[in-house]
Amino acid sequence: MTSSKKKRMSMLDSLAGAGAPSPAPPSTVTTPMMSSNRALRSARDAVDAHHVWELDPATITDDRMADRLNPADVHDLRDAIEANGQTVPILVRRHPSDADQYLLVYGRRRLEAIRGSDKVAKVRALVANLDEDAALRAQISENMARRDLSYIEKALFAQELVKSGFGTQSQVAEVLTVTKSAISMALAVVDMVGTDLARAIGAAHGIGRPKWEALGKAIEETSADQGKLTRLANEAHDKAAVAMVVEESGPFEDPSVLAFEAVAKAVGKSARTEAKPPSPARSSSLALKLAGRRGGSVKRTAKGLSISLENGAFADWVEAEAQELIEELHGRWLQRSED
């Protein structure tokens, strides 16, 4: 940016933040001055919105809730930026009480990469006119657009949104563009596994909901010591780090996946040790009534549970909606202890 343009922008900042001059009575200046301030702020916002700024990383504060489990893992990104430049700007908003400071909306890894660089001094940024709620929604939208957030990272992020008072499970589901039952299941999985243990394991890309849910259930069923499991996960990360140093050349396995597997193996071994001989299953059947008349049955056997409905329009509808219905029932079952 040229020095003359910097001077003009500084003047806009100063004028937009100025109050009414003291000599004139409030009745004669308050309304014009307020209108002037709004116009100046609008002018500055318009300039911000159409320009990529080069900012000092020290002027940017990141006080958002965490959306990644390993935000400091930015070495490869730092090297890429040093070699090729920062191709994608971060998004910031102006600090509400300090005109020379900014608050990060998204782009944490890019910001941290440049903060840790000896070759790149400025971070390229877009400046948006957003309040706190709009900034959080922008962060969420950017997160959901990325393909590299793992299941457990998204689940922990949903938990943070609910705990922070952002909204109910239904409202969080709406902004994350998933069903309420998906949010309920994600929160239940985090609750079963434990937040500290999940963070100790890490992102574990490729480990989806079924495996995390199975791990959580195994931990609950065996009353596993989550403190010991957390230490085991940390040890797995340490071993992976040592292997990277000693072997020097890859490919290396994802340390968080190794940590997940180590914890799952330990819990599985405990489950096998504590397992009791299963009691003989007995077959049972329960009639189902629809509108006061028999419409089907529920049957439990040694192999599982089956539901049969008499042929008709309702049976056709249940068949078409089976996946959604079973997910909703499963979500209600997971949340039974909270109701």
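Order of 292-302, 81-91 by packing, highest average Cβ count within 10 Å first?
With the highest mean Cβ count within 10 Å placed first, the list reads 81-91, 292-302.
Let me check something: with ligands and nucleic acids excluded, how do Lys122, Lys228, Lys163, Lys217 order by accessible area (1.4 Å probe), largest to smallest?
Putting Lys122, Lys228, Lys163, Lys217 in descending order of accessible area: Lys163, Lys228, Lys122, Lys217.
Starting from the 7 Å offset along Cα-to-Cβ, what nm value, one decimal, do you get for the label separation of His75 and Glu261?
Result: 2.1 nm between the two label points.
Could you tell me the calculated FRET efficiency between Leu288 and Gln335, based on Cβ-Cβ distance and R0 = 25 angstrom, to the nearest 0.05?
0.55
Give me a comma-separated list of calculated 3J(HN,Hα) values for the range 51-61, in order, Karplus coefficients 6.51, -1.76, 1.60 applied at θ = phi - 60°, integers in Hz, x for any Gly or Pro.
9, 8, 8, 10, 10, 6, x, 5, 8, 10, 9
Pulled fully out, how much extra length does the chain show between Val88 and His205, if you take 0.36 nm times their separation in residues and subtract their Cα-Cα distance?
39.8 nm
How much solvent-accessible surface does His51 expose, in Å² to the nearest 10, with a 1.4 Å probe and all protein chains in place?
50
Once you list every other residue whose beta carbon is under 11 Å from the beta carbon of Arg124, what net charge do they have if Lys and Arg are +1 and Asp and Glu are -1?
It works out to a net charge of +1.
In square angstrom, rounded to the nearest 10, how much accessible surface does Trp333 have for a 1.4 Å probe?
Accessible area, nearest 10 Å²: 110 Å².
Once amide H atoms are placed 1.01 Å from N in the peptide plane, what residues at a sequence separation of 5 or more from Ala128, or on another chain, have their amide H within under 5 Å of its amide H?
Val92, Arg93, Arg94
May I ask for log10 I(q)/I(0) of the range 151-231 at q = 0.13, 0.17, 0.23, 0.27 Å⁻¹, from a Debye sum over the Cα atoms as equal point scatterers with solvent left out?
-0.39, -0.65, -1.08, -1.32
Can you give the relative contact order of the range 175-266 as a percent, counting alpha carbon pairs under 8 Å and 6+ residues apart?
So the answer I get is 35 percent.
Show Glu54, Glu153 ordered by accessible area, largest first, where the area counts protein heavy atoms only and the probe is 1.4 Å.
In descending accessible area the options line up as Glu54, Glu153.
The values are calculated or read from the model by the stated rules, or taken from the named source; none is laboratory data. Just so you know, these numbers come straight off a predicted model, no measurement behind them. Cβ atoms come from the backbone with ideal geometry, glycine included; neighbour counts cover every protein chain shown. Heavy atoms of the whole protein, side chains included, go into the accessibility calculation; ligands, DNA and RNA do not. Shrake-Rupley method; radii C 1.70, N 1.55, O 1.52, S 1.80 Å.
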